[in-house]
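For reference, the structure discussed in these notes is given below.
The values are calculated or read from the model by the stated rules, or taken from the named source; none is laboratory data. Bear in mind that the values here come from a model prediction, so they are computed numbers and not experimental data. With ideal geometry, Cβ positions are generated from the backbone for all residues, glycine too; neighbour counts draw on all protein chains shown.
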Amino acid sequence: MLSGDIGRILRVHPSQAIFVDRIVLANFVASGITIWGEAMLPLVPVAPIRRFDVFKALFGLFPMALLSAAISPYTPE
């Protein structure tokens, strides 16, 4: 966790780690708490969120939202 490398934290291949945006690591650090031992979360280097990261997150959610809107008239209420 202290490396700040999302590929090492999630144990994914480096070629797959490029598709994980920086928002994921920021969420891990923001939602983490120390239950026992030394508080190490303030030492985790979190890269700043770029516009490209926001675009990647939008690109991942937009097709799902579009599909939901497209098939909603065909679903029973």
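Can you run down the residue pairs with Cβ atoms below 7 Å, 6 or more apart or on separate chains, where the first is in segment 14-40 and under 15 Å from Ala57 (Cβ atoms) and the partner is at pLDDT below 70 and not aromatic (Phe, Trp, Tyr)? What qualifies is Leu25/Gly4.
Scanning segment 31-42 for residues that are closer than 14 Å to Ile9 by Cβ and exposed (fewer than 12 other Cβ atoms within 10 Å of the Cβ) returns Ser31, Met40.
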